[in-house]
1. If you take the charge dipole of the chain about its Cα centre, with +1 on Lys and Arg Cβ and -1 on Asp and Glu Cβ, which of Tyr96, Asn76, Ile37 is farthest toward its positive end?
2. Cut-off 10 angstrom, C-alpha nodes, Gaussian network model of the chain. Which of Leu62, Leu144, Leu40 fluctuates the most?
3. If you take every residue apart from Ile54 with its C-beta less than 9 Å away from the C-beta of Ile54, what net charge results, scoring Lys and Arg +1 and Asp and Glu -1?
4. So if R0 is 30 Å, what FRET efficiency would Leu155 and Asn16 give, r being the distance between their Cβ atoms, rounded to the nearest 0.05?
5. I need the GluC sites (Glu not before Pro) found in the stretch 53-102, filtered to DSSP loop residues with at most 15 other beta carbons within 10 Å of theirs.
6. At 222 nm, what helix-only mean residue ellipticity would the chain give, in deg cm²/dmol to the nearest 500, using -39500 (n - 2.57) for each DSSP H run of four or more?
7. Using label points projected 7 Å from each Cα along Cα→Cβ, tell me how many nm separate Lys102 and Asp119, to one decimal.
8. If you roll a 1.4 angstrom probe over the protein chains with everything in place, what fraction of the accessible area of the chain belongs to carbon and sulfur, to the nearest %?
Amino acid sequence: MKKIIIVLASVFLLSNAIWGFMYFKEAKEPLNTNVQIYSLSGEGENWDVINYKIIVSSTSILRGHGSLVYKGEPQNIENSSYYMFEAQEKNKDNIYQTVYVKEVISNNGSVSILNNINDIGSMTSVYSYDELEKDRQNYASSTLTITWNDNEGKLHSETVDLDIDNEIFLK
């Protein structure tokens with residue numbers, strides 16, 4: 001129940017921020033845009049993905065700001081020197097393409113993976129080729145691959161399938 005309240009509150013705050021941005025932008029130029037907001041989550045064997053966002057406007061798209069929950073023993077990865085997040089979506093040809101990557105490497109110490117999973121970061125960009133041909137189904141088939149090494153340096157990787165938890169359409 002607490003998780004649902006947090007997700008709904010996050011979506012509410014995010015939608016208000018977008019409305020505020022659009023309101024002040026409208027004062028400068030007429031607004032003729034639709035905004036789609038998707039919140040996605042998924043469960044894996046070692047990791048859960050919570051509240052990964054995709055925000056689509058008429059001129060750009062934002063991906064990220066999700067958080068991860070490690071299901072194993074924290075002491076197994078507290079001295080990790082590498083992790084990477086890779087988000088993928090299906091394109092119009094039903095082929096996965098990478099849309100967001102974050103990689104952190106340390107040669108002389110820990111990357112503090114447990115401190116950096118509360119917000120995996122985000123990327124906002126203008127539309128790439130054929131981005132406008134994507135729809136809800138493309139976003140609903142998103143995945144997030146987490147690659148990390150443990151304290152002994154052994155490399156692990158897990159792909160978590162994401163499902164749309166919430167969606168908002170602003171017109």
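The values are calculated or read from the model by the stated rules, or taken from the named source; none is laboratory data. What you see is a predicted model, and the numbers here were worked out from it, not measured in a lab. Note: ideal-geometry Cβ built from the backbone for every residue, glycine included; neighbour counts use all protein chains shown. Heads up: the accessible areas ignore ligands, DNA and RNA and are worked out on the full protein's heavy atoms, side chains in. Shrake-Rupley method; radii C 1.70, N 1.55, O 1.52, S 1.80 Å.
1. Ile37
2. Judging by the Gaussian network model, the answer is Leu62.
3. Working: positive: Lys53, Arg63; negative: Glu89.
So the surrounding residues net to +1.
4. So the FRET efficiency works out to roughly 0.15.
5. Values: sites: Glu78, Glu86, Glu89; in loops: Glu78.
Loop-located and lightly packed - Glu78.
6. Values: 2 runs with 30 residues, N = 171.
My calculation for the chain gives -5500 deg cm²/dmol from helical runs alone.
7. Roughly 0.9 nm, to one decimal.
8. 51
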